[in-house]
Amino acid sequence: MSNFDGALASIAQVHGWLSRDQAERLWARAGDLRPQATIVEIGSFQGRSTIVLALGSPATTTVVAIDPHAGNDRGPQEISGFAAEAASDHETFLANLAAAGVAEKVTHLRAWSAEVADTFTQDIDLLYVDGAHRFAPARDDIRCWGAKVKPGGVLLIHDAYSSIGVTAAIASTLWWSRQWNYEGRSRSLAQYRRGNFSLFQTAGSALRQKWQLGYFLRNLVYKVLLSAHLGTVARWLGSNGEWPY
Ligand SMILES: C[S@@+](CC[C@H](N)C(=O)[O-])C[C@H]1O[C@@H](n2cnc3c(N)ncnc32)[C@H](O)[C@@H]1O
């Protein structure tokens, strides 16, 4: 598949949290990869982002999708206790991959990312983090899995500016890291590149990330208002009425 509109059509009926502009960023970074590259996705849910990564990357790329489909951190406001829904997510995930024609290309590890971190020894070209949204596991994903990304490789993080846990995890691991440079975002999906960066480049990266805090605070305000059933007020302040991601 070499056509982004075709990929969008493939995910049109796939439930999940990935906007068009975010899908376009995943598609573009997957398309940059060389043949035989390795993509790792943490947090696949029903396969929306997995399908874009699989369709957008060269045919010989390996896509490893890690998701226990166990009911915790399932989605916004679904932190724990969704085991039954998660079991059906697993069936839906497999069916969605098959319908999109990417079942063969994707290796699904039905596990928590921390369970398979030690045994996964491949170098990663593109890492997409959209699993746990609480501070400690999000931080550990960035640290443990980010360390497996090759120099020049890319790290994409969803909810980078719409989840307190993820934003705090990023602040503690990436803001002042000399190994990661912030390259921009699509809504709350942030992009980083691995390398060895000078103090000057690191300061620039930190400043550009801190500059996004206004956007983060705006999203928090929308979330508070939407949770309090004050959607009208949120809209009045500029929200489109959707949960921000
Ligand atoms: C927000 S959803 C992912 C959405 C998906 N990327 C999409 O495009 O729709 C979060 C998913 O992460 C999974 N998850 C939560 N904690 C995880 C962890 N520690 N390791 C791997 N997956 C995890 C959940 O089971 C859930 O399916």
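The values are calculated or read from the model by the stated rules, or taken from the named source; none is laboratory data. Treat the numbers as computed from the prediction; the structure is a model and nothing was measured. No Cβ is skipped: glycine too gets one built from the backbone with ideal geometry, and neighbour counts run over all protein chains shown.
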*Can we say residue 60 is in contact (Cβ under 8 Å) with a residue 24 or more places away in the chain and more than 14 Å from the ligand (Cβ to nearest atom)?*
yes
*asked:* Looking for something within 19 Å of residue 47 (Cα to Cα), under 14 Å from the mean Cα position of the chain (by Cα) and crowded, with 17+ Cβ neighbours inside 10 Å - is there at least one such residue anywhere in region 133-141?
replied: yes
*Looking for whichever is in contact (Cβ under 8 Å) with a residue 60 or more places away in the chain, crowded, with 22+ Cβ neighbours inside 10 Å, assigned by TED's automatic domain parsing to the domain that holds residue 34 and near the ligand (Cβ under 10 Å from one of its atoms) here; the options are 67, 125. Which one fits?*
67
*Go over the candidates 46, 22 one by one and state the one that is assigned by TED's automatic domain parsing to the domain that holds residue 119 and either surrounded by fewer than 20 Cβ atoms within 10 Å (Cβ to Cβ) or outside any helix (DSSP H, G or I) (or both).*
46
_Condition first: assigned to a strand (DSSP E or B) and out of contact with any Gly (no Cβ under 6 Å at 6 or more places or on another chain). Now tell me which residues in region 125-150 satisfy that._
126, 127, 128, 129, 149, 150
*Which residue out of 157, 142, 164, 170 is more than 10 Å from the ligand (Cβ to nearest atom), in the same structural domain as residue 77 (by TED's automatic domain parsing), touching a Ser or Thr at 6+ places or on another chain (Cβ under 7 Å) and closer than 22 Å to residue 72 by Cα?*
142
*asked:* Residue pairs, Cβ under 8 Å, 6 or more apart or interchain, first in region 232-245 and assigned to a helix (DSSP H, G or I), second surrounded by 20 or more Cβ atoms within 10 Å (Cβ to Cβ) and not β-branched (Val, Ile, Thr). List them.
replied: 234/222; 234/226
*Which residue pairs have Cβ atoms closer than 6 Å, lie 6 or more positions apart in sequence or on different chains, and pair a first residue in region 75-95 that is of a type in the set (S, T, N, Q) with a second residue that is within 10 Å of the ligand (Cβ to nearest atom)?*
80/72; 92/46
*Would it be correct to say that residue 11 is hydrophobic (A, V, I, L, M, F, W, C), near the ligand (Cβ under 7 Å from one of its atoms), touching a helix residue (DSSP H, G or I) at 6+ places or on another chain (Cβ under 7 Å) and modelled with pLDDT of 95 or more?*
no
